[in-house]
Amino acid sequence: MKRSNNRHIAVVGAGFAGLALSWYLLTQGARVTLIDKNEPGSGASGVASGLMHPYVGQRALRSKEASVSMEMSHKLFAEASLFEKRPIVGSRFLIRKVTAEQMKAFKSHCVVYKDVKILSSDTVRIDSGCAVYSQNYIRGLFASCKDKGVEYQCKRISDVNDLKDFDGYALTLGAGALGFPGFEDLSLRGTRG
């Protein structure tokens, strides 16, 4: 691949976000070093249930960028499938139990986005959702990144000063951000799901 961009970027964290960002930067011509203290997908991404849909959170709201995010995710699934023989995506829809509050939102989604069907008083079918085999996806996307020239370093970054030799860096640490040196003064808190 001809590099149109000589910038050397460090991506710290080799889960879903770090791999996707690395892939994107590589396709834009950047030189990328992907760094994680463990193997790719060893953190939260590796144990994720792999249920993907655009209606997140306790209130089942749809973000304004949900359509673009879903489209880009499916492009990444297709890319990963070029490098992983096992399936990346299972079902092409999701059945989900919902609370009464969430049902109100999903009834609106039926009309506005037309990708939700009410199955019962507490169950919906999300046609824009899918089940992702997380480990297969991670293996495939990592293989694609390697094919595009990513340099992988399995090591712990103890401080952002460890990244001073790079032109730029991105921290895709997930829950690891909570204990990252230099972040003590930030108002970070963990979430689940």
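The values are calculated or read from the model by the stated rules, or taken from the named source; none is laboratory data. As the structure is a prediction and not an experimental result, all values here were calculated from the model. Every residue, glycine among them, receives a Cβ derived from its backbone with ideal geometry; neighbour counts consider all protein chains shown. Heavy atoms of the whole protein, side chains included, go into the accessibility calculation; ligands, DNA and RNA do not. Shrake-Rupley method; radii C 1.70, N 1.55, O 1.52, S 1.80 Å.
Consider region 36-74. How many of its residues are part of a loop (DSSP other than H, G, I, E, B), closer than 29 Å to Ser108 by Cα and open to solvent by 30 Å² or more (accessible area, probe 1.4 Å)?
Qualifying residue count, region 36-74: 9.
I need every pair where a residue in region 83-112 that is touching a residue at least 24 places away in the same chain (Cβ under 8 Å) and over 30 Å from Ser144 (Cα atoms) has its Cβ under 8 Å from the Cβ of a residue that is surrounded by 13 or more Cβ atoms within 10 Å (Cβ to Cβ) and of a type in the set (S, T, N, Q), sequence separation at least 6 or different chains.
Ile95/Thr123; Arg96/Thr123; Lys97/Thr123; Val98/Thr123
Filtering region 82-98 down to residues that are out of contact with any Lys or Arg (no Cβ under 6 Å at 6 or more places or on another chain) and either open to solvent by less than 60 Å² (accessible area, probe 1.4 Å) or β-branched (Val, Ile, Thr) (or both), which residue is modelled with the lowest pLDDT?
Filtering region 82-98 for residues that are out of contact with any Lys or Arg (no Cβ under 6 Å at 6 or more places or on another chain) and either open to solvent by less than 60 Å² (accessible area, probe 1.4 Å) or β-branched (Val, Ile, Thr) (or both), the one modelled with the lowest pLDDT comes out as Ser91.
So, Phe77, is that one assigned to a loop (DSSP other than H, G, I, E, B) and hydrophobic (A, V, I, L, M, F, W, C) or not?
No, not satisfied.
Scan region 13-25 for residues that are at pLDDT 95 or above, buried (at least 24 other Cβ atoms within 10 Å of the Cβ) and within 16 Å of Gly168 (Cβ to Cβ) and jot them down.
Gly18, Ser22, listed by residue number.
If Glu101 satisfies every condition in (1) open to solvent by 50 Å² or more (accessible area, probe 1.4 Å); (2) modelled with pLDDT under 95; (3) within 20 Å of the chain's Cα centre (by Cα) but one, which is the exception?
(3)
Give me the pairs: first residue in region 39-62 and touching a residue at least 12 places away in the same chain (Cβ under 8 Å) and under 17 Å from Arg125 (Cβ atoms), second residue of a type in the set (Lys, Arg) and part of a strand (DSSP E or B), beta-carbon distance under 6 Å, and six or more apart or on different chains, which are they?
As it stands, the answer is Pro54/Arg62; Tyr55/Arg62, since those pairs meet every condition given.
Which of (1) in contact with a strand residue (DSSP E or B) (Cβ under 9 Å, 6 or more places away or on another chain); (2) open to solvent by 20 Å² or more (accessible area, probe 1.4 Å); (3) closer than 27 Å to Leu76 by Cα does Gln135 not meet, given it meets every other one?
All conditions are met except number (1).
Across region 139-164, what is the total count of residues that are farther than 11 Å from Glu79 by Cα, among the hydrophobic types (A, V, I, L, M, F, W, C) and in contact (Cβ under 8 Å) with a residue 40 or more places away in the chain?
So the answer is 4.
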